[in-house]
1. Considering only residues that are open to solvent by 50 Å² or more (accessible area, probe 1.4 Å), touching a residue at least 60 places away in the same chain (Cβ under 8 Å) and of a type in the set (Asp, Glu), which ones fall in the stretch 560-579?
2. Of (1) charged (D, E, K, R); (2) buried (at least 21 other Cβ atoms within 10 Å of the Cβ); (3) touching a strand residue (DSSP E or B) at 6+ places or on another chain (Cβ under 9 Å), GLU454 satisfies all except one. Which?
3. Check off (1) closer than 27 Å to SER497 by Cα; (2) touching an Asp or Glu at 6+ places or on another chain (Cβ under 9 Å); (3) assigned to a helix (DSSP H, G or I) for ALA413 and give me the number that stays unchecked.
4. Regarding PRO691, is this residue open to solvent by 50 Å² or more (accessible area, probe 1.4 Å) and either at pLDDT 95 or above or in a strand (DSSP E or B) (or both)?
5. For the stretch 439-456, enumerate the residues that are under 30 Å from VAL358 (Cα atoms) and either without any contact (Cβ under 8 Å) to a residue 40 or more places away in the chain or touching a helix residue (DSSP H, G or I) at 6+ places or on another chain (Cβ under 7 Å) (or both).
6. Which residue pairs have Cβ atoms closer than 7 Å, lie 6 or more positions apart in sequence or on different chains, and pair a first residue in the stretch 269-280 that is under 11 Å from VAL69 (Cβ atoms) with a second residue that is in a helix (DSSP H, G or I)?
7. Going by the structure shown, is ALA377 in contact (Cβ under 8 Å) with a residue 60 or more places away in the chain and more than 30 Å from GLY313 (Cβ to Cβ)?
8. Scanning for something in a helix (DSSP H, G or I), at pLDDT 95 or above, under 22 Å from SER639 (Cα atoms) and touching a helix residue (DSSP H, G or I) at 6+ places or on another chain (Cβ under 7 Å), does the stretch 525-536 turn up at least one residue?
Amino acid sequence: MPYRPPLVPYETFVADPPDLPVRAPGEDGAVIVERATVAATDPHGVTLTAATSDGGTLTARVEAAGDGVLRVRLAENLAARSRSARALPLVHPAAHPAVVAVDGGTVTVGAGAVVAEITLDPWRIRFRAADGRLLVEQDPGTKDISGRRRTLPFGRSTADGAPVAWHESFVALGDERFVGFGEKFTPLDKRGQRALMWNFDAFGGESDRSHKNVPLYLSDRGYGVLVDSGLPVQFDVCQSTHSSVQILVPDDLLDYYVLAGPTPAQVLDRFDALTSRPYLPPKWAFGAWISSGFFPDSQQRVLERARLIRERGIPCDVLHLDCYWQVAGRWSELRWDDEAFPDPTGMLKTLADQGFRVCLWMNPYLMTGSPLYAEAAEAGYFLRRPDGSTYVADVWHGSYPTSAIVDLTNPAAVRWFQGLLRPLLEQGAAVFKTDFAEGVPADAVAHNGMTGLELHNVYALMFNDVVADVTEEVAGHRTVWARSSYLGGQRHSAQWSGDVNATWPALASTLRGGLSHGLSGVPFWSHDTGGFHGTPEPDLYVRWTQFGALSPLVRLHGTTSRLPWEFPAEAERDAVAALRLRYRLLPYLWSAAVDSARTGAPMMRALLVDTPEDPTAWTSDLQYRLGTDLLVAPVLDPSGQRDVYLPVGDDWVDAATGERHPGGRHLRVTVPIHRLPLYVRHGALIPVVAPADRIWDGPFHDVDLVSWGGVDGRTVIRDTDGDTVVEAERDGDTLRVRTSGPLRVRKVSVVGIDAPRQLLLNGQVAPVTPFEEWFPR
């Protein structure tokens, strides 16, 4: 259960998790592995008989699950699987050869970049890199001077004679840093925090509640730990004791993986191999999404918005229609409100002719006031209570009518649900916003016999799978716009941060959430630009739009209008300028997106991804690299001032002034409202295109190249027709630029005080064209 502060009213969520037991003074129900004997070895690992502190035995298994990946299990029977796997498996390990050696009381299991060194008596595992360097070791759980247990080592705990959770503990060095766990809005370094793997409605995105949890963390010591369970796993990251990371798993077994680095990108690549590669959204999804907002809407208003967007030259590719395309009080029955939208087919065609794709809001709940409810309930399409009645829940927290929850373990319910979605896609809708899905109550009962406790987290994955499947069937892509997710959810792109508040502090916590989620394997992330709840002041709207425009994906959405012309003229001008800069950078952004889909590394990169050797990078959580070559530092308060840390290893060029700064230092900057702190890696080659109001199908055309510094450099520009390698070589006063691939570079400009006098583009003399400012005023 999340921490409940004293005196502050605590909002009970319809789907809060059950608490684990709290021990009475002197009570110790922990059953600890004390020693083991080798039961069998095989080409993949070792099976051990583990003797426990209560005189019993358990079975342990240590095996290779990939190059640089070791899997550890502890169970009564190794045939056990997570109870959530009845809905769908979360991790997909492959048989991998291991180097197994037994030498007296020591067993080693090697999987390339990581080796498990097992001491049999007393029991202990140490995980080492291939060169022998210690990565992490089990905490043996020694007792303190008073004889009390302070940590829960390798074993399990019981209450009233019944098992309640398995546990593992690792030694945490005094200066070790930890990141990950999904979309966490708390400080990036999770040391001192307790991460609960339970999907919540985050109520503003400013607490430890998360819509999207991933039971994975990365350490600055060059490894990661992944737990395979859909139950409410808890990670006590040096909170109870500063010297240990403790993992509590209330499931049928303990099943975890140690992933070798040494870099965070390598850990994430191995994580993807076990779970899934990120899904690359279509190119149009990287344009701006502009929402109707969460308030009543109509066909006339939608068409007027579209007309004004095009007339005012505002870049936009997707128009999002939120809840009110359906009849209020009957959400989410997936039927048009015929009074407000008398001709949706004609409207969708008109919008398509204007170059818009349309996203429709929906969720997996159905309000009981819908005409569809009674028949669907009778057919058994909803989750049920233990007494067999339909589970009607307050999933809207009292603000809207109660709803039933579609039972996605029931194949007939899935067919019915997809049957409601399919006609909308055939009518011309392009994509769905898959909202909510955190509301499965712990005591619900599913068609396949699972409890809500077992189903709760994985339900978000099932929901997005169901919607992505039918979207692909009709529209040819698997894109969704998802609020909730869990382990393996990188296959669902895109994801956004939920209903954050329209305040300056919420902007900062949203940024932290995005960096945390990227370090959990999810690269295609976004947020409600301008904040969701409330109306942003004009400066906040501009600053948030600048942040959004330089995020992996961007959508303007809120409880009040986020349309640029609804703000003062100066704010409209500056917000639209940020979107136009995004569209200029699309070849760079698309290249970064393709790389992220291939590797699993985030597109919006916490500094530690590229400079993991830099201790400052592990605590820098209010700025990021977008791709490898842009450093973005959103403004976080009305003053326009902020501190910027320039990563080590490179010099950085101010994109607005051209001033060059060495890396590894802090700057205190003040920037005017029309731009944000943006720096470019010295030596970068950035592809750009002319500003446009939409993304056209097919490869990019008329691409220009900006050389930041006019020095040696190399980049790869990805596109739908293949990759183009671009190399620059500085030779005295001459800059030679060569391209290899389908892309035609039209012209080259140079930023820097030492610009070349001559440019050779693929061997031909070409003019050095003037740099077009990214922040014109």
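1. GLU570
2. Failed condition: (3).
3. Result: ALA413 fails condition (1) only.
4. In short, no.
5. Listed by number, the list holds a single entry, VAL440.
6. Note: pairs meeting the criteria are ASP269/THR599.
7. Numbers: in contact (Cβ under 8 Å) with a residue 60 or more places away in the chain: no; more than 30 Å from GLY313 (Cβ to Cβ): yes.
Considered against the rule, which asks whether it is in contact (Cβ under 8 Å) with a residue 60 or more places away in the chain and more than 30 Å from GLY313 (Cβ to Cβ), ALA377 comes out as no.
8. Checked the stretch 525-536: no residue is in a helix (DSSP H, G or I), at pLDDT 95 or above, under 22 Å from SER639 (Cα atoms) and touching a helix residue (DSSP H, G or I) at 6+ places or on another chain (Cβ under 7 Å).
The values are calculated or read from the model by the stated rules, or taken from the named source; none is laboratory data. None of these values were measured; they are calculated from a predicted model. Note that we place each Cβ from the backbone using ideal geometry, even for glycine, and neighbour counts take in every protein chain shown. Side chains included, ligands, DNA and RNA excluded: accessible areas come from the protein's heavy atoms. Shrake-Rupley method; radii C 1.70, N 1.55, O 1.52, S 1.80 Å.
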